[in-house]
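Bear in mind that the values in this text are calculations on the coordinates, not laboratory data. Because the structure is a prediction, the values reported are computed rather than measured. When we count neighbours, we look across all protein chains shown, and the Cβ atoms used for this are built from the backbone with ideal geometry, even at glycine.
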């Protein structure tokens, strides 16, 4: 009897293993990312391969071959492909659009290789960290002022140039900044109002390749501390050359918000989180209703350790991408 059960167990395990292997083999890798969702007076819907229902997409949704995207009325979506292919705008006239597998190897041109690298980085950014709470409507969020928080520079690499310290907090308080190098205190200044403070030219120079820390002190509040590093010259030149390729003249026809996502995504890859934050905030100032910008900003805040701001950005992205009744 025990032998018979053993045979049956082996058959069952083999059957399940085969199913898992088939599932893994059948699950195609993502080949595109949905970078813009503009509902207008219509709606954007996606139908994933193998599913029967159309549903509202998540910001920065990864797309696989066979997935479909459709738009109605004046709605428009933008799909960014891996492999250096040109982006695809989806409108009512071109709906439904079916995502196809790449037809060949990616172009060797530098700009296309760069776009391909950043697009692959954006794949999977529809997901958010596990700590992010369930969505709460903006109207019900607490308006209680948070304690002072370091904003910049914070857990980031910086391009060479002036360094400015920024933080949030009450205007009624006075603050002290202390900057440390590995050997100890480098510079400090107290009695500061809550406003950006440039690192003074008269202070000891900040050296490329060196890791620094800065602290924010204020009355009856815990000390805040963050680290930053200045890029060395070869890395800084490489970054500037790459950013020079992610511009409208080098990528004609690339939608503005998608271009901002590419630039910010590249900066995140390089650990330049402060510059990525600035890039996304500037794009949001121009296009505040694009959920993908807020989604990537949430990932930037997460990497900088600002979990409250990350949660707010993810919530905003979800709010903007939720269909209205």
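Some points to look at:
- The chain: relative contact order as a whole-number percent, Cα under 8 Å and 6+ apart: 16
- Folded to 0 to 90 degrees: helix 307-321 orientation relative to the chain principal axis, Cα: 40
- Label point distance in nm, residue 269-residue 130, each placed 7 Å from Cα along Cα→Cβ: 2.8
- Potential extension, residue 324-residue 197 segment - 0.36 nm per residue separation minus Cα distance: 41.5 nm
- Pairwise FRET efficiency - residue 281 versus residue 100, Cβ, R0 = 41 Å, nearest 0.05: 0.75
- Cα centroids of segment 33-112 and segment 185-248: 39 Å apart.
- Whether segment 228-325 is rounded, prolate or oblate, judged on the alpha carbon gyration tensor where a/c under 1.5 counts as rounded: oblate
- Degrees between helix 233-245 axis and first principal axis of the chain (Cα, 0 to 90, nearest 10): 50
- Bridge orientation summary for segment 144-230: considering DSSP beta bridges with both residues in this region, about 90 percent are antiparallel.
- Rg over Rh [alpha-carbon atoms, Kirkwood Rh] for segment 138-291: 1.02
- Computed from the Kirkwood radius of its Cα pairs, the Stokes-Einstein diffusion coefficient for segment 144-230 at 20 °C and 1.002 mPa s stands at 161 µm²/s.
- Helix-only CD estimate at 222 nm, as mean residue ellipticity for the chain, using -39500 (n - 2.57) per DSSP H run (n ≥ 4): -11000 deg cm²/dmol
- Pairwise label distance in nanometres, residue 233 with residue 168, each label 7 Å out on the Cα-Cβ vector: 3.9
- Computed packing ranks the peptides 182-191, 309-318, 117-126, 159-168 as 309-318, 117-126, 159-168, 182-191, most packed first, by mean other Cβ atoms within 10 Å.
- Take every Cα pair under 8 Å whose residues are at least 6 apart in sequence, average their separation, divide by the length of segment 32-105, and the relative contact order is 35 percent.
- For the pair residue 221 and residue 176, label points projected 7 Å from Cα toward Cβ lie 1.5 nm apart.
- Within the set [x] 140; [y] 233; [z] 253, the number that volume of the Cα convex hull per residue in Å³ takes when calculated for this structure is listed as [y].
- With Cα atoms, 0 to 90° folded angle of helix 2-26 axis to the chain main axis: 70
- FRET efficiency estimate (nearest 0.05) - Cβ-Cβ, residue 56 to residue 113, R0 22 angstrom: 0.10
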